[in-house]
Amino acid sequence: MVKIRTRFAPSPTGTLHIGNLRTALLSWLWARHNGGEFVLRIEDTDKKREVEGGVEIIKKTLKEFGLVADEGPGLSGDKGPYLQSERLGIYEKYVKKLLEAGDAYRCFCSAERLEEMRKDQQKEGKIPRYDRKCLQLSEEEIEERLKRGEKTVVRLKMPDKEDLFWDDMVMGKVKINSAEVDDTVLLKSDGYPTYHMAVVVDDHLMEISHIFRDVRWMSSTPKHIVLYRALGWEMPKIVHLPLVLGADRKPLSKRHGSVAADEFLKEGYLPEAVLNYLALVGWNPKTDEELFSLKQLVEKFDIEGIQKSGGVFDYKKLLHVNAWHISQKTDEELSEILGKWVPKLKEEARLGLASLLKVRVKKLSELPGLLKFFWEGVNLSSELLLQKGGEKEVVKTMLEEIRKVVEERGVDEVEKMKEEFMKIIEKNEWKVGKFFMVLRLVICGSSITPPIVESLPYLGKEKVLKRIEKGLEQLG
RNA sequence: GGCCCCAUCGUCUAGCGGUUAGGACACCAGGUUUUCAUCCUGGCAACCGGAGUUCAAUUCUCCGUGGGGUCACCA
């Protein structure tokens, strides 16, 4: 059996798009599911679009999400180099082979001529297509023009009229006639290959068994079929992935919301949550469950479950998935995360708070707001206090009683404190909710907080008393 | 426009000839709860249309319609 080897082959053009991350994920999952290998290859054949540090951004993002490659730039692997810009000689060699066999030809046409040609064709209602002017060139003429140093590209010679098929693992059997496909450029005048040339050569040389890529590539697959055939190579299995869409069913882009993979991390989504959700857009696990760890995803993943149609990216559902993943964290794990998101928080307080916050945070970015009362003074309006607490005299009595308990017992014994509070509440026939709301407001300044009595120990007796005092003062 | 792909609740989807068309998110209504959240219960909500095949079509075929992709010396 052939070894399963998949690859992720992005261009270093900036941040990693969330849709690209999904392509990487599914590709990675398939490799891991089969105990195969996952290769990272950088398609940097367009100098104009390349972004400074682009390769590092990709590697960093992949690492942050835990999609580790077995081979790639800066990693091990004996099929490199994994940067296409360092493989120019290899492509050249195969281009030469194609040229010699007559499967490709040189073209000297200028950009201006091509543009004009296309304009004319469109005017006549035809589909823009290279007119093969340079296919007629004699060998002598080609030699001469080459000698003169004329700019040239190499084009693939497509069959005239032939149905080209492939069996897509997602889309099924697809047929496209070669007449629909242009004589695509394989080698650019700057000596770099185009995507089509590079991808075929590299996928073959790197022994890729399954090509995961989005459906945008479907229409150019015939070019690749012809190339594989001309080079005498077997084509890898093709897995065309449906697009991730925005709410308006257009491909997901900035105007829909966040699209850069690392942005989601910055906004407080857990990497495993993003991955879990991403897998769910366009793939179904054949169970009613849909909340999975990365490891479970690896176990469950199957190409068969991949959807044919595009899926809308639902930020709300992502939030739900994220909340679940947060709740699955151990106190220790969440405590560490807490340290990163809320560095001001005392280290001793992290672990206990982590367990209190686990089920009430959907995004990590909510953490600082929820905990800022620890180090920020409370800005409490007495109106709010009275509105939630009741009559002024009652609220005052409540605070005085609370102060008494705190002074006598301190704040460290949560259960004892609760008992005491309940006794007082009963004795005075107060509403339980109102009593604790008064405490909550005085301590935190907000009506939305972690469990209040449980939070007191982390604040400390002194601060608690100070805040009660302040509340009393405010009431006058 | 040519070509290619797609089509079940608002969204992600299950279904692979006979189902009360199932689940999840969202939403709504209750319940538990000292806030918030969790949790629990219930509810709302879908087979794009038309032919054909068949005893029977959400399911198979065809034609529409709708959506998307693609037609570069970009990937």
Within segment A:287-327, considering residues that are polar (S, T, N, Q) and assigned to a loop (DSSP other than H, G, I, E, B), the one farthest from RNA strand B (Cβ to nearest atom): A:Ser293
In segment A:133-155, which residues are part of a loop (DSSP other than H, G, I, E, B) and more than 42 Å from the chain's Cα centre (by Cα)? A:Leu137, A:Ser138, A:Arg148, A:Gly149, A:Glu150
For the subset of segment A:230-245 comprising residues that are surrounded by 18 or more Cβ atoms within 10 Å (Cβ to Cβ) and outside any strand (DSSP E or B), which member is farthest from RNA strand B (Cβ to nearest atom)? A:Ala230
Per the list (1) within 14 Å of RNA strand B (Cβ to nearest atom); (2) crowded, with 17+ Cβ neighbours inside 10 Å, residue check on A:Ala260 breaks on (1)
What number of residues within segment A:396-417 are surrounded by fewer than 16 Cβ atoms within 10 Å (Cβ to Cβ), within 25 Å of A:Ser382 (Cα to Cα) and out of contact with any Leu (no Cβ under 9 Å at 6 or more places or on another chain)? 2
Being away from RNA strand B (no atom under 16 Å from the Cβ), acidic (Asp, Glu) and at pLDDT 95 or above: is that true of A:Glu52 here? no
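One line per residue, one yes/no per condition, for (1) in contact (Cβ under 8 Å) with a residue 24 or more places away in the chain; (2) over 30 Å from A:Lys308 (Cα atoms):
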position	(1), (2)
A:Tyr91	yes, yes
A:Met117	no, yes
A:Asp131	no, yes
A:Leu137	yes, yes
A:Glu141	no, yes
A:Gly149	no, yes
A:Lys173	no, no
A:Asp183	yes, no
Subset of segment A:265-286 that is among the hydrophobic types (A, V, I, L, M, F, W, C) and more than 13 Å from RNA strand B (Cβ to nearest atom) - its residue that is surrounded by the most Cβ atoms within 10 Å (Cβ to Cβ): A:Leu275
Do the conditions hold for A:Gly19, that is, is it farther than 30 Å from A:Leu135 by Cα and either more than 16 Å from RNA strand B (Cβ to nearest atom) or modelled with pLDDT under 95 (or both)? no
Go through segment A:31-48 and report how many residues are part of a helix (DSSP H, G or I) and buried (at least 23 other Cβ atoms within 10 Å of the Cβ). 1
Qualifying positions in segment A:203-228 - closer than 21 Å to A:Lys79 by Cβ, within 13 Å of RNA strand B (Cβ to nearest atom) and more than 25 Å from the chain's Cα centre (by Cα): A:His224
Any pair with Cβ under 7 angstrom, 6 or more apart, that starts in segment A:348-375 at a residue that is hydroxyl-bearing (Ser, Thr, Tyr) and ends at one that is assigned to a helix (DSSP H, G or I): A:Ser355/A:Asp331
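Okay, residues lined up against (1) aromatic (Phe, Trp, Tyr); (2) under 26 Å from the mean Cα position of the chain (by Cα):
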| residue | (1), (2) |
| --- | --- |
| A:Lys47 | no, yes |
| A:Ile90 | no, no |
| A:Tyr94 | yes, no |
| A:Phe108 | yes, no |
Hey, could you check segment A:328-357 for residues that are of a type in the set (A, V, I, L, M, F, W, C) and outside any helix (DSSP H, G or I) and say which is farthest from A:Tyr277 (Cα to Cα)? A:Leu345
Take residues that are closer than 25 Å to A:Ala354 by Cα and within 10 Å of RNA strand B (Cβ to nearest atom) and tell me which of the helices (runs of 4 or more DSSP H) falling wholly in segment A:387-476 contain 2 or more. A:414-428, A:432-444, A:452-459
Those residues that are surrounded by 13 or more Cβ atoms within 10 Å (Cβ to Cβ), among the charged types (D, E, K, R) and either touching a helix residue (DSSP H, G or I) at 6+ places or on another chain (Cβ under 8 Å) or in a loop (DSSP other than H, G, I, E, B) (or both), I need them from segment A:69-115; list them, please. A:Asp70, A:Lys79, A:Arg87, A:Lys97, A:Asp103, A:Arg106
Output the residue which, of all residues in segment A:328-371 that are of a type outside the set (D, E, K, R), near RNA strand B (Cβ under 9 Å from one of its atoms) and surrounded by 15 or more Cβ atoms within 10 Å (Cβ to Cβ), is farthest from A:Gln296 (Cα to Cα). A:Leu370
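The values are calculated or read from the model by the stated rules, or taken from the named source; none is laboratory data. The structure presented is a predicted model; accordingly, all values stated were derived computationally and were not measured. Positions of Cβ are generated from backbone atoms using ideal geometry, with glycine treated the same way; all protein chains shown enter the neighbour counts.
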